[in-house]
Amino acid sequence: MTAELVRGQNHPLSQSRLEIRISAGTPVAAAAALSDENGRIHGTEWVAHPGAPVQPGLEVSRQAAADHRLAVDLDAVTEAVHRVSVLLALPAANGGAGPARFGAVAAPFVAVTGLDGTEVASYTITGLDLESAVVALELYRRQGAWKVRAVGQGYAGGLAELFADQGLSEAAQLAAGIDEAVARGLARSVQAPPPRTSEGDRSRQAAAPAVGPDQGAAPQGAPGPVPPAYGGQPAGGQGQGGPQPAYGGATGPHASAGGGPVDYSHPRRQTSAPPPPPAAHPAQPGQPTRPVAGDATGWSMEERLYNQVWGMFEDLARTAAAYRSAVDFAESRMDKELEQALSDPRSRIGGQGDAAREAARARYTQLVDQARASLDRDVAQLVAESEVVEPALPPAFARWDNPCWHAYRVSMEIPMALRLGDLRLPEAESIRIPMLLRLPLERGLWIDSGRTDSLDGSFTDSHDMRRLAMDTAVAHAARLLAVYPAGEFTVHIVDPAGSGAQALAPLTQTGVLAGPPAQGAAGVTEVLARLTQRVDLVQMALRGGAPDALPPGFDTSQQLLIVNDFPHGFDDRAVNQLRYLVDEGPSVGVHLMMVADREESAGYGPLLDPLWRALLRLTPVPDDHLADPWVGHAWTYEPPAVPHGSEVLRTVLTQVAEARRTWNR
């Protein structure tokens, strides 16, 4: 039975391996501090935090999120540790965009559970006001046994004041390092996968359109990817009602006609329970069920496939987390057994000590082999499912080498998501999970051209990185144009020095752009001024409750601005306009895709930090920069690859251009 604690109350713990589950209602940073019997933290290495998420016996989330799961192994902490304190902090207290005090948000809820999810004790932290950091609870050692105590001690001075109160001399430096790690996480975060009601088959889930990785914090997986960028995330969300008319009667997914809350639901999305998914093929006795494409719930095959992909992401995240946990446990157990074997001086040498060491290593190998066998079994099932699902995906979800592109026809409605690439984990190299991003876009995209090395150790010079980054941007833009109905998506390009001309050829030569790429400082100024004015006009119309008051002939389509070679050609005014588009544009259908190296804009200092954090960072080479807060995996993102020598982009874009000309007649 769960013990519901109040401030100062304690409760005994019968297990040493625990999970601390946190639900805050708003993104918070979670950390865990080790301290001695006097409550003193001896150094920064005694704190697990987003910048250093793993310490002996502790593992915390790598970024700010509304929900966290912290892993604690009390047997793995050293004898000098007598307390494990769970800490929460609001990232906004140090320059973010959210609430700056806990008194302005819902009371955080913290629960101590076993590995099976059974709650041991819980605590709702009430009574907070100006505090921006809080010691939620502590696990403490008393007479050889461990207990949990509800603390709820808040600090208006944030983490710096909290750490200083616990005797840490480097309190300010550690707090600044945590803030920096959280800020970096905002640019690489993916959402956790949609929740599953049970450990059973996905086909038995309740109907709930999953939320993509671009739609907020965690609970900011999946995959995710997490992926998937699934950023991500992966926490699930519920579908909303039907679309509202906007922009003079046209169907607009970004605002309601009365200027009310944004409605991102797919057109004609149902809210009642959908029909059951197709039944799986009967399997031979003793064999796993053969996978079926679209076996998740949903009103359409597209929605079923979307939910199934997220289910695959969740399955891979879970099985990899179980494998890593088993390996960590095996290592911890072996270390403890070796320490016990060597603690007796008589057994350090001779046959008795050697036998004890060999036995410990043998038990470690046995545990790891069992965990690996379980992982391989789950991955094999996911590979079989992927082989069925991948060919069935519609163009918006499919790879560029999928045969569906050969039968491509311009879409008549906006899809619910878009594929940005693939996600994978190092333990399962044989499986790739599609990274699907919900539409319409809620965050801009940043194609980072600044990396010079890849995961395989190969070196890529800056010139090649810029070319690869532009190729990736063109592939993303082409897919967006291909999946939107004719006339519903418009692309503008700013290329001040003309360095991206070769990569942009598929867009420029097929005639799908709103106009030729803008060049020079004058071109940058003209495009930014036009899009900024558009944002102002639409915002004024919606806030005034008069979307019909927009000028006659106003283009109601979604707008995408691709910026290459930033900050070349940008003055201070242009930079401010760019930041304005990043902040205000997505809500009225104006989106940004940056192709840039952040280091090249370092001269602006911290002025541009909010810009980079507001964009979803992608890379033109495989990179393990995407993290899901659901289980804390770092997912490797692989950009979309157009088959070498393929004309699929030009063929698709030619059809888009022809459909647009027909639509405009």
Anisotropy class of segment 95-175 from Cα gyration tensor, a/c 1.5 cut: oblate
With a 1.4 Å probe and every protein chain left in place, tell me how much accessible area His11 has, in Å² to the nearest 10. 50 Å²
The ³J(HN,Hα) series, computed from each phi in segment 506-512 with the Karplus coefficients 6.51, -1.76 and 1.60 at θ = phi - 60°, rounded to the nearest Hz and given as x for glycine or proline, is x, 7, 6, 7, 8, x, 8
Would segment 431-531 count as rounded, prolate or oblate if I go by the C-alpha gyration tensor, calling it rounded below 1.5 in a/c and otherwise prolate when a/b exceeds b/c, oblate otherwise? oblate
Cα pair distances in segment 515-585, grouped into 10 Å bins until the bin that holds the longest one, percent each: 17, 48, 27, 8
Surrounding charge for His68, neighbours by C-beta under 13 angstrom, Lys/Arg +1, Asp/Glu -1, total -1
For a test of the definition: using alpha carbon positions, the gyration tensor, and the 1.5 limit on a/c, classify segment 449-590 as rounded, prolate or oblate. prolate
Rounded to whole Hz, the Karplus (6.51, -1.76, 1.60) HN-Hα couplings of segment 381-388, x for glycine and proline: 5, 5, 4, 4, 5, 4, 5, 8
Relative contact order (percent, whole number), segment 349-456, Cα cutoff 8 Å, 6+ residue spacing: 19 percent
Sequence-separation-based contact order of segment 126-189, relative, with Cα cut under 8 Å and 6+ spacing, percent: 25 percent
Could you rank Thr319, Thr126, Thr44 by how accessible they are, 1.4 Å probe, largest area first? Thr126, Thr44, Thr319
Counting only C-alpha contacts under 8 Å and six or more residues apart, can you give the relative contact order of segment 568-651 as a whole percent? 18 percent
With every protein chain present, what accessible area does Arg318 have (1.4 Å probe, heavy atoms only), rounded to the nearest 10 Å²? 70 Å²
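The values are calculated or read from the model by the stated rules, or taken from the named source; none is laboratory data. What you see is a predicted model; the values in this text were computed from it and never measured. FYI the Cβ positions are ideal-geometry reconstructions off the backbone, even for glycines, and counts take in every protein chain you see. SASA here: full protein model, heavy atoms, side chains in, ligands and nucleic acids out. Shrake-Rupley method; radii C 1.70, N 1.55, O 1.52, S 1.80 Å.
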